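Read-outs throughout are calculated quantities, based only on the coordinates presented, and are distinct from any laboratory measurement. Quantities reported herein were computed from a predicted structural model and do not represent experimental measurements. With ideal geometry, Cβ positions are generated from the backbone for all residues, glycine too; neighbour counts draw on all protein chains shown.
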Amino acid sequence: MTNIKAYLNEKAEVVNKALEKYFSGIKNCPDNLLEAMKYGTLSGGKRIRAILAMAAAEAVGKKGESVIKIACAAELIHNFSLIHDDLPCMDNDLTRRGKPTCHAKYGETLALLAGDALLIYAFEIALPESSNKLKDYLHFPLALRELAAASGPIGMVGGQVLDIEFSEKEKNISNLLHIHSMKTGALIRGSILAGAIAAGANKNELECLSEYGSNLGLTFQIVDDILDYNEGKKDKISFPAILGLEKSRQKALEATRKAFRAIEPLGEKGKILKEIANYLLEREI
Ligand code: GRG
């Protein structure tokens, strides 16, 4: 039995160190921009998308660290989305991860640009630096394409638009499932697939991981909604607001079981992914 918390802490540390290294590699960037990018990324966060990318690489027989660039790219994209989501034109939130949001600290213009820069830098760090490194990173452009699809118009950004535009009346369970599969689920599934693709996964492995990722993304969002609901955020349309707490928990459990089944063909190599799914179902933060 793996100590999953120790595994997650250890991997989060690896990701944080790599992110710091990538930030220190940025030269000749305006100081305030770099500071806002670092603040928006390094001040907290579970690093779950990056960890999933590494765990997916391990599930197809490679070392997690071999795909660290893809893992960090997923994390940078995620942090871009959080900075933009907090802006006054979106959720207008003043705190995130227990601290002032990026725009609360640096102003709206710099926070917007810091988010843009993180998104673009994600692709810069994960693409080969020079032609002589191409063979080491053969699969990386395809992995990045998966991340781009997961975060762009048919993924996270598209989901955010639907979330903003659907009227309260239209937010029934089927629309909610659709919105969240794009807004939150796509990047979670995309991080898993990108990690596996970068590690050279085959078609069968990718099919298993795709099904695992979709169900894990759903579990993640339902649990996120339940945690918010229990903290008193009852005004937003969410799984517990529509289904009630008990049915929401049941739905999260069903999705987790589907995620387990999806990776059965991976055998022992899928063990960590199973434990991560269980952890995300039972998490309290
Ligand atoms: C603005 C392009 C754009 C997209 C925004 C994902 C998203 C779309 C907004 C985030 C808002 C939000 C709180 C969504 C709920 C699920 C979610 C993504 C929670 C935060 O993810 P965690 O818990 O965050 O992994 P940490 O802090 O651990 O990194």
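Charge dipole (Cα centre; +1 on Lys/Arg Cβ, -1 on Asp/Glu Cβ; no other charges) of region 4-281 amounts to roughly 680 debye.
Rounded to the nearest 500, the 222 nm mean residue ellipticity of the chain from helices alone is -22000 deg cm²/dmol, with -39,500 (n - 2.57) taken per DSSP H run of at least 4 residues. By the count of other C-beta atoms within 10 Å, a proxy for reagent exposure, Cys89, Cys72 are ordered fewest to most as Cys89, Cys72.
Site pair Lys271 and Glu284 shows an inter-label distance of 2.7 nm when each label is modelled 7 Å from Cα along Cα→Cβ.
Bridgeable lysines around Lys258 (alpha carbons under 17 Å apart, same-chain partners fewer than 8 residues away excluded): Lys247, Lys271, Lys274. Note on the chain: dipole from Cβ charges, positive end direction compared against Cys29, Leu19, Asn175; the farthest Cα belongs to Leu19.
Relative contact order for the chain using alpha-carbon pairs under 8 Å, separation at least 6, rounded to a whole percent? Once normalised by length, the contact order is 19 percent. Using the alpha carbons alone, the radius of gyration of region 205-285 stands to its Kirkwood radius in an Rg to Rh ratio of 1.04.
By counting other Cβ atoms within 10 Å of each Cβ, how are Ile173, Ile179, Ile83 ranked from fewest to most? Present the calculation step by step, with values, prior to reporting the outcome.
Numbers: Ile173 12, Ile179 24, Ile83 28.
Going from least to most buried by this count: Ile173, Ile179, Ile83.
Applying a DSSP loop filter and a limit of 11 other Cβ atoms within 10 Å to the trypsin sites (Lys or Arg not before Pro) in region 29-66 leaves Lys63. What is the distance in Å between the Cα centres of region 62-97 and region 200-218? Taking the Cα centre of region 200-218 as reference, the centre of region 62-97 is 21 Å away.
When the convex hull of its Cα atoms is viewed from all sides, region 1-99 shows a mean projected area of 7.5 nm².
For region 131-285, what is the convex hull volume of its Cα atoms per residue in Å³?
Values: hull volume 18.6 nm³, N = 155.
Value for region 131-285: 120 Å³ per residue.
Normalising by residue count, region 81-126 has a Cα convex hull of 70 Å³ per residue. Restrict the search to region 179-285; then list the GluC sites (Glu not before Pro) that DSSP places in a loop and that have at most 12 other Cβ atoms within 10 Å of their Cβ. Filter output for region 179-285: Glu231, Glu284.
What does the charge dipole of region 40-143 about its Cα centre add up to, to the nearest 20 debye, if the Cβ of each Lys and Arg holds +1 and the Cβ of each Asp and Glu holds -1? Let's see the in-between values first.
Details: 12 positive and 12 negative charges, 86 e Å.
I would put it at about 420 debye.
Counting only Cα atoms, the size of the chain along its three principal axes is 55, 49, 33 Å, in decreasing order. Counting only residues at least eight positions apart within a chain, or on another chain, the lysines with an alpha carbon under 21 Å from that of Lys69 are Lys11, Lys17, Lys21, Lys27, Lys38, Lys46, Lys133, Lys135.
For every other residue with a beta carbon closer than 15 angstrom to the beta carbon of Glu10, add +1 if it is Lys or Arg and -1 if Asp or Glu, then tell me the sum. If you can, show how the numbers build up before the last one.
Working: positive: Lys5, Lys11, Lys17, Lys46, Arg47, Lys63; negative: Glu13, Glu58, Glu65, Glu275.
For residues surrounding Glu10, the net value is +2.
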